[in-house]
1. Report the net charge of residues surrounding A:ALA303, where surrounding means a beta-carbon distance below 14 angstrom and charges are Lys +1, Arg +1, Asp -1, Glu -1.
2. Pick out the long, greasy-scoring helices in chain A: whole DSSP H runs spanning 24 Å or more along their own axis by Cα, mean Kyte-Doolittle at least 1.0.
3. Grab the other residues whose beta carbon is less than 13 angstrom from that of A:GLU334, score K and R as +1, D and E as -1, and report the net.
4. Please report the antiparallel percentage of DSSP beta bridges with both residues in the protein assembly as shown, rounded to the nearest 5.
5. Per residue of the stretch B:192-200, in order, report the coupling 6.51 cos²θ - 1.76 cosθ + 1.60 (Karplus, θ = phi - 60°) as ³J(HN,Hα) in whole Hz, putting x for Gly and Pro.
6. Sort A:309-318, A:81-90 by the packing proxy (mean of other Cβ within 10 Å over each peptide's residues), most packed first.
7. What is the set of long-range amide H partners of B:THR43 at a cut-off below 5 Å, with H atoms built 1.01 Å from backbone N?
8. With θ set to phi - 60°, apply the Karplus curve 6.51 cos²θ - 1.76 cosθ + 1.60 along the stretch B:113-126 and write out the HN-Hα couplings as whole Hz, x wherever there is a Gly or Pro.
Amino acid sequence: MLRKFTSILLAVLVAIGIFVPTVLAEEKITLTVLNYFDLTSPGAERELEEVWREFSRRNPNIIVEREDLFLDAFHQKVEAYAAADRLPDVVYMWPGGRSTSLHTLGLVKDLRPLLGDDAQYFIPAVLAPQAGGYLAELPQTMTSSHALYINVPLLESLGLSIPETYEELVAMVPVIKGAGLDVILMGAQDDWVIQSCLFSMIVGRLVGDEKLYEIIRGDAKFTDPEFVGALEFYAQMYKDGVLDRKIMNINYSEINGLFAAGRAPFMVDGDWKTANFLTDVTTGEALIPVDKQPDFKMTIFPAIPGEINKKSSSGVVGVGFGMNAKIPDGSAKEAAAWELIKWLQGPEVQKMRLETAGTIPSRIDVTSDKLEPLVLERIRYYEDIEVYTEVLDNALEGEVYLPLNVGLQEIGLGLATPMEVAERVQEALESWRAKK
Amino acid sequence: MKRFLAWWTEERRAYLLLVLPGVLVYWAVMAFPTVFSLGLSLTNYNGGVIFGNPNIQFVGLKHYLRMFEDRYFWISLKNNGLIMAISVFGQIPLGFLFAYVIHRKLIKFGDFFQTIIYLPCVISTIVVGRLWQSFFSPYGPFTKFMQRFQPGWENELAYDPQRAIIPVLFVILWMYTGTYMIIFLANLQKIDPSLIEAARIDGATEWQVLTKIILPALSGVIVTACILAISGSLKSFDLVYAMTGGNPARRTSVLALYMYDTAFRHSPNYPLANSISVFMVLVSFALIVLVRVTEARFGGREE
C-alpha cells in the first residue's frame with residue numbers, strides 16, 4: 001500500500017516537475033526591442049549591465065530580444081520596420097523630429113493612461129503631448145535650449161546684481177562696457193544658435209505657443225504684430241547694446257573659454273553648455289575648476305516688456321521608449337512592455353545616465369552625490385522655469401525655420417528689417433504648406 | 001563572325017583589359033552621377049525610392065528658375081567668383097614669382113623659403129580653417145595686434161557682411177600659393193639652363209629672360225595651373241566650412257556650401273541641390289573651355 005502510494009506520489013511529482021515549468025515557460029513573454037545604442041561609447045558596458053541585464057534579472061519572465069543600432073542605421077531600420085508594418089514591441093524614439101512618422105501615423109501607444117499616478121515623479125513639462133498630439137514616448141530627459149549663465153563674482157565686482165527685468169539689464173550696459181567687457185557672450189557664428197538659444201525664448205515670452213500653433217495651422221501669420229514684435233525686440237537688443245554684432249563671428253565652442261575666462265558677466269546658450277565646463281575624466285582638467293563652479297549661476301532671461309508668459313524658457317523633451325500600438329490593451333504583453341519602459345525611465349537607470357553622461361533626469365526623484373556643482377546648478381535651474389515653450393526648430397519644418405535662422409543674423413547685421421524676415425518666413429511656411 | 005574574330009585580336013583584348021576597369025570606375029563614380037544628377041534636377045525627386053516611384057514627375061527647369069531667384073545663390077556665386085579671381089590672379093602670379101625668385105637664386109636660403117611657402121598645403125584644411133577663424137575672431141590675435149596700434153579698434157572685418165569674405169580670400173591665397181609655386185618650380189627646372197645663360201651672355205636683361213624665354217616655355221603649365229585654380233575654386237568648400245560655415249548670414253557662402261546646406265542641412269531639398277551641382281559642373285566646363293580657347297589663341301609658344 002505504502003509502496004503504491006509512494007509510486008503514485010512520485011508519478012504526480014514527476015508530472016508536476018514536467019508540466020509546471022512548461023506551463024510557467026508558456027507564461028514567459030518575449031519583447032522585441034529596437035534600441036538606439038552606441039556600443040563603442042565609454043558608458044556602454046555599464047549600460048548593458050545596469051540597464052538591460054539587471055532588467056532581465058529582475059524580470060525572469062520577460063525575455064528581451066534587443067536590437068542595438070546607432071545613427072543612420074537605426075533610422076533606416078525604423079523606417080523599414082514601419083513600412084513593413086513590423087514595428088518592434090518597444091522602440092526608442094524622439095519626441096518629434098526624426099520619429100515624426102511614428103507619432104503622426106499613430107504607430108505607438110499613448111502612454112499617459114499606463115503612467116497613471118507615477119506621473120507625479122516626472123517634471124510636468126516632459127509629459128506634454130508630442131508630435132502626434134499624445135504622449136508617445138516617456139522622455140528620459142528635458143533640455144532647455146535657453147539659459148542665461150552668470151559669472152556672479154564678475155558681476156558683483158562691477159557693483160551689479162542679477163537683473164530681474166530687461167530694463168535693469170539695459171541699465172548695466174554702460175557699466176559693463178566701461179570695464180572693457182562684453183555684456184552677453186554668444187557663439188552665434190552658426191545660424192541655429194540665436195534662433196534656438198535666444199529667439200525661441202523671446203517668441204515664447206511675447207508670442208506664446210498658442211499663437212505659434214495658430215500660425216503653423218494657417219489661422220494666423222508670422223507677419224502678425226506679435227511675431228514681428230518679437231523680432232523687433234530682438235533687433236532692439238542690438239540697439240540697446242545688450243547684444244553685439246560680433247557674436248556672429250564667434251565660433252560656438254570659442255565662447256566656452258571666453259566665458260570661463262571672464263570676458264563677459266553673461267552668456268546665453270542651451271543648458272547643455274554646462275558639459276563643456278566640467279572636469280574631463282581623461283585629463284582631470286576643467287575649463288571651470290570644481291572649486292570655482294559655485295561662482296557661476298544659471299537662470300532664465302529677465303522679464304521682457306509686454307511678455308505674456310512670465311519666467312518661461314524654450315525647451316524640448318528628450319528621447320525615450322514608445323510601445324507598439326498593436327499590442328492589445330490590458331494584455332500581459334502590454335504589462336510586460338510597460339514594465340520595461342517604466343524601468344528604462346526609472347530612478348536607477350536615470351541615476352546611472354546622470355552619472356555617466358550628465359543626462360538631466362526627467363524624474364524629480366533622482367539625484368546623485370557624484371555630481372559637480374555646475375551639474376547640480378543645471379538641475380536647480382529647472383526650478384526657475386515656470387513655463388516651457390517651443391523651440392522653434394523643433395516646432396517648425398526645416399525649410400520654414402531656415403530663413404528665420406539666416407534672417408536673425410541679417411537683422412543683427414542690419415541687412416534686413418524684422419518685417420522683411422517675418423515676410424520671408426511666412427512665405428516659406430506657405431510654400432511648405434502648399435507642398436503638403 | 002569572321003569580321004568580329006578578325007577585330008577581336010589579342011592586342012585589342014589586352015587593350016580592353018587594361019582600359020576597361022578604369023573606364024568603368026570613372027563612369028560609375030564620375031560620369032554616371034553627373035548625368036544622373038542632371039536628370040534628377042529636372043524632376044521633383046526628393047528622397048526615398050528612385051526607381052519605380054510613381055510620385056516622381058518631370059518638372060522641367062523649375063528648380064533652376066528657383067535657384068536663380070534665390071539671393072543666397074547669387075551671393076554664393078559672387079563669392080566663388082572672388083575666390084576664382086584670387087586663385088587665378090593671386091595664387092598663380094604669386095606662385096610663379098616665388099618659384100622664379102627661388103629658381104633664379106635671386107635670394108638666399110631658397111630651400112628654406114620653398115618649404116615655408118609650401119607648408120600650409122600639408123596641413124589639414126579643417127585645422128587651417130579653425131586656426132585662421134580664431135586668428136580673425138573679434139577676440140583673436142589679429143584684433144589684439146591691431147588694438148596695440150589703435151586702442152579701441154573694433155574688428156569689424158569678419159562680421160561686416162561686405163568684407164567678411166576678405167579673411168577667407170586671404171587664407172586661400174596663403175594656403176594654396178605653395179602648390180603653384182611647386183608646379184612652376186618643377187617646370188622651371190626643366191628649362192635648359194644653357195639657354196638662359198646664352199641669352200645673358202648675349203646681353204639679355206633679367207626681364208627679357210623672363211618674358212622671352214621662361215614665360216613662353218611655361219605657357220602650357222600656366223594653362224594647367226589655371227584649370228586647376230578654376231576647378232579648385234569652384235569646388236571650394238572645406239576651408240569656408242571650417243572657417244565661417246558660410247556665415248554671417250550666409251555672406252561668405254560658396255556654391256558647394258550652398259548646395260550642401262540645401263541638400264543635407266535642415267530639411268533636404270534634393271532637386272534644388274541637384275540643380276546647383278549641375279550648374280557648378282556646367283560653369284566649370286565653360287571656364288575650362290574658355291581657358292583652352294585662350295591658350296590656343298595666345299599661348300602654345302613653348303616649342
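Derivation of every value follows stated rules applied to the coordinates shown; laboratory data play no part. Everything quoted here is computed from the prediction, not taken from an experiment. Methodologically, a virtual Cβ is constructed for each residue, glycine included, from the backbone with ideal geometry; neighbour enumeration extends over all protein chains shown.
1. Values: positive: A:ARG205, A:LYS310, A:LYS311; negative: A:GLU164, A:GLU167, A:GLU168, A:GLU307, A:ASP384, A:GLU386.
Combined, the nearby Lys, Arg, Asp and Glu give -3.
2. Details: long enough: A:2-27 (36 Å, 1.57); A:418-435 (26 Å, -0.79).
Span-like helices here: A:2-27.
3. Values: positive: A:LYS109, A:LYS326, A:LYS333, A:LYS342; negative: A:ASP89, A:ASP110, A:ASP329, A:GLU339.
Neighbourhood net charge equals 0.
4. Working: 22 of 38 bridges.
The antiparallel proportion sits near 60 percent.
5. Taking θ as phi minus 60°, the curve returns 4, x, 5, 4, 5, 4, 4, 4, 4 Hz for the stretch B:192-200.
6. Working: A:309-318: 22.6, A:81-90: 16.2.
Packing order, densest peptide first, comes out as A:309-318, A:81-90.
7. For B:THR43, the qualifying residues are B:VAL59.
8. 5, 4, 5, 4, 5, 7, 3, x, 5, 8, 8, 4, 4, 5
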